[in-house]
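*Asks:* This is the structure, below, for whatever I ask next.
The values are calculated or read from the model by the stated rules, or taken from the named source; none is laboratory data. This structure is a prediction, so every number in the text was calculated from the model and none was measured. Glycine also receives a Cβ, built like all others from the backbone with ideal geometry; neighbour counts cover every protein chain displayed. Protein only, heavy atoms only, side chains kept; ligands, DNA and RNA dropped before computing areas. Shrake-Rupley method; radii C 1.70, N 1.55, O 1.52, S 1.80 Å.
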Amino acid sequence: MEPAFDVVIVGTGLAGLATAMRLADERRVLLVDKQALGAGASDWAQGGIAAVVDPSDSIEAHVHDTLVAGAGLCDEAATRFIISQGAEAVRWLIGQGVAFTPDGDSAVGFHLAQEGGHSCRRIFHAADSTGHEIQQTLRRRVRSHANITLLEQHMAVDLIVQSGRCVGVYLQSVQSGPVTAIAAGQVVLANGGAGKVYLYTTNPDCATGDGVAMAWRGGCRIANMEFIQFHPTCLYHPYAKSFLISEAVRGEGGVLKLPPSAGAEAGRRFMPEHDGRAELAPRDIVARSIDYEMKRLGLDYVHLDVSHLDADFLRAHFPTIHARCLEFGIDITRAPIPVVPAAHYTCGGIVTDTAGRTDVAGLYAAGEVACTGLHGANRLASNSLLECVVLGRAVAEDILRGSRPGIAPVATWDDSRVRDSAEDVVIAHNWDELRRCMWNYVGVVRTTKRLERARRRIQLLREEIDEYYASFHVTRDLLELRNLVDVSALIVASALARHESRGLHYSLDWPQTLARALPTVMSPRGGYAAPS
């Protein structure tokens, strides 16, 4: 008899932990993470969680800001549903013990930050390490709950779908042991985005698109994968891997300037020339503006300058950024920060409704892995943590409302393939080639020719990876590469299908924006619904 649980949750970011906490009083939950508990992107979130609590703010204003940032592609009903629950989400986190930055002079008792695209201050934060504060608080609670079983250092291989229903998941120890079939009444995918599909990213190494790829292979539609958000300001330094400079830095008065390598233009503030909102424009606009200036002048980076702000204020509000930059010899109170855009957030994903339900019965998705319609063509800053908490609750409530399904017997894993391979170097080479291909041809600014080149190269890589997967014992590196190539193919196909520029997808061949905004929906059963 294979191990069985009422609910298996794959991923222990905020969406996974929030779902588990809402379920565990009434269901036996298995939480699975291929790394340590909660070591994913949620823990890295600096900015905060957007919620309407201040009397001077309104749900309508937050919805409006989200729809504008989403460039006409947000699902308005889903957007209102999620945003309307912001205050409850923050109260729940506070009730769990999350310590947001206080402010005795504020009407709500907490310091509220403002970030690009927001019309007012509505970002609850814990200094500049909000994700870490939330994650470590929920991790403590999850570890102490008797109904939650933790399985760390285990990779999800594939969903188990029988007779049209998801009845479990195949798991493997990252030490490449045997693959185990885990039976479940329901499965929740909460295993994040796909930033590692690109050579340069702010994401942790685990962001390899596992959930999207598994759901695609399991029969789910995938939507809007062309909309990859590039964070405008990732720290540029040869030893500073994947460290972003929070949106809130610009929200508090940081300005973007050209560096000394710009020659006669050095020190010039350039964002007002690109957008009337300057540094507070949405991320896609700021990222494209930086990309334009870098290509125009042949720059490796631009400068983000906060040295004109009060030094004590900077140290108090951005202690993590201040300390990290000091490690590389950059004192942000005195000198500008070198920054570049980097892949940051996957706005598309598994198609779900506002209860997290997917196309496959028994399978749910929440967080960055899902596409609820909230983010549209460009995610508004700090809406992601909000979506994780709200959808975590919605998934749990939908599961608890239904009757508890029986646990079906599941098929065991066929492990008849060759145990080991002497060609692990092929995996490393293909991993690097794929990510460079995506960075060079499917980046901030795109062309049809580049996308076609990417599609051809990805197809060749897919054939080689599929052959390798069919022949040899699976390992984490091979599984992640397999997932990355599936996700890359979806991103490129979605980008080629969109004959316009909208939000995060900007094409030099299709610079206009169509009057009607339509999602790009890919179906594993064949064909897609694309904008025309």
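*Asks:* Looking at the structure I just gave you, is ASP398 within 30 Å of ALA495 (Cα to Cα), of a type in the set (Asp, Glu) and either touching a Gly at 6+ places or on another chain (Cβ under 8 Å) or buried (at least 21 other Cβ atoms within 10 Å of the Cβ) (or both)?
*Replies:* In short, no.
*Asks:* Let me ask another. So LEU151 ticks every box in (1) under 18 Å from ASP415 (Cα atoms); (2) surrounded by fewer than 21 Cβ atoms within 10 Å (Cβ to Cβ) but one. Which box is left unticked?
*Replies:* Failing condition for LEU151: (1).
*Asks:* Can I ask one more? Considering only region 205-222, state which residues are outside any loop (DSSP other than H, G, I, E, B) and either under 14 Å from the mean Cα position of the chain (by Cα) or buried (at least 24 other Cβ atoms within 10 Å of the Cβ) (or both).
*Replies:* Listed by number, the residues that qualify are ASP210, GLY211, VAL212, ALA213, MET214, ALA215, ILE222.
*Asks:* Then there's this: Which residue is modelled with the lowest pLDDT, if the candidates are limited to region 302-320 and must be crowded, with 19+ Cβ neighbours inside 10 Å and within 21 Å of TYR345 (Cβ to Cβ)?
*Replies:* Filtering region 302-320 for residues that are crowded, with 19+ Cβ neighbours inside 10 Å and within 21 Å of TYR345 (Cβ to Cβ), the one modelled with the lowest pLDDT comes out as PHE318.
*Asks:* So which residues in region 223-239 are assigned to a strand (DSSP E or B) and either acidic (Asp, Glu) or farther than 19 Å from TYR441 by Cβ (or both), if there are any at all?
*Replies:* ALA223, HIS231, PRO232, THR233, CYS234, LEU235
*Asks:* Listed residues ARG140, ARG165; which is at pLDDT 95 or above and of a type in the set (D, E, K, R)?
*Replies:* ARG165
*Asks:* Considering only residues that are under 16 Å from ARG435 (Cα atoms) and small (Gly, Ala, Ser), look in region 468-492 and name the one that is surrounded by the fewest Cβ atoms within 10 Å (Cβ to Cβ).
*Replies:* Going through the qualifying residues, I end up with ALA489.
*Asks:* Contact list please: Cβ distance under 6 Å, first residue in region 374-401 and under 16 Å from THR352 (Cα atoms), second residue open to solvent by 10 Å² or more (accessible area, probe 1.4 Å) and part of a helix (DSSP H, G or I), pairs at least six apart or on different chains.
*Replies:* If the second residue must be open to solvent by 10 Å² or more (accessible area, probe 1.4 Å) and part of a helix (DSSP H, G or I), the pairs left are ARG393/ARG22; ALA396/ARG22.
*Asks:* A further question on this structure: Sort through ARG91, ARG80, ARG121, ARG139 and tell me the only one that's assigned to a loop (DSSP other than H, G, I, E, B) and either within 30 Å of TYR506 (Cα to Cα) or open to solvent by 10 Å² or more (accessible area, probe 1.4 Å) (or both).
*Replies:* ARG121
*Asks:* Considering region 361-374 alone, what residues qualify as being in a loop (DSSP other than H, G, I, E, B) and either open to solvent by 10 Å² or more (accessible area, probe 1.4 Å) or of a type in the set (Gly, Ala, Ser) (or both)?
*Replies:* Scanning region 361-374 gives GLY362, ALA366, THR372, GLY373.
*Asks:* Among (1) out of contact with any Asp or Glu (no Cβ under 6 Å at 6 or more places or on another chain); (2) within 30 Å of THR79 (Cβ to Cβ), there is one condition LEU374 misses while meeting the rest; what is its number?
*Replies:* (1)
*Asks:* Among the residues of region 334-359, how many are in contact with a Lys or Arg (Cβ under 7 Å, 6 or more places away or on another chain), open to solvent by 10 Å² or more (accessible area, probe 1.4 Å) and modelled with pLDDT of 95 or more?
*Replies:* Result for region 334-359: 3.
*Asks:* Quickly run through region 28-41 and pick out the residues that are more than 12 Å from GLU152 (Cα to Cα) and open to solvent by 20 Å² or more (accessible area, probe 1.4 Å).
*Replies:* Answer for region 28-41, where residues must be more than 12 Å from GLU152 (Cα to Cα) and open to solvent by 20 Å² or more (accessible area, probe 1.4 Å): ARG28, ALA41.
*Asks:* Which of the residues spanning region 280-299 are within 16 Å of GLN114 (Cβ to Cβ) and either modelled with pLDDT of 95 or more or touching a Phe, Trp or Tyr at 6+ places or on another chain (Cβ under 9 Å) (or both)?
*Replies:* ARG283
*Asks:* For region 276-296, what are the residues that are of a type in the set (Gly, Ala, Ser) and either more than 19 Å from ALA377 (Cα to Cα) or open to solvent by 20 Å² or more (accessible area, probe 1.4 Å) (or both)?
*Replies:* Once the filter is applied, which keeps residues that are of a type in the set (Gly, Ala, Ser) and either more than 19 Å from ALA377 (Cα to Cα) or open to solvent by 20 Å² or more (accessible area, probe 1.4 Å) (or both), region 276-296 yields GLY276, ALA278.
*Asks:* Sticking with this structure for a sec: Among the residues of region 228-252, what is the count of those that are open to solvent by 30 Å² or more (accessible area, probe 1.4 Å) and either among the basic types (Lys, Arg) or at pLDDT 95 or above (or both)?
*Replies:* Selection size over region 228-252: 1.
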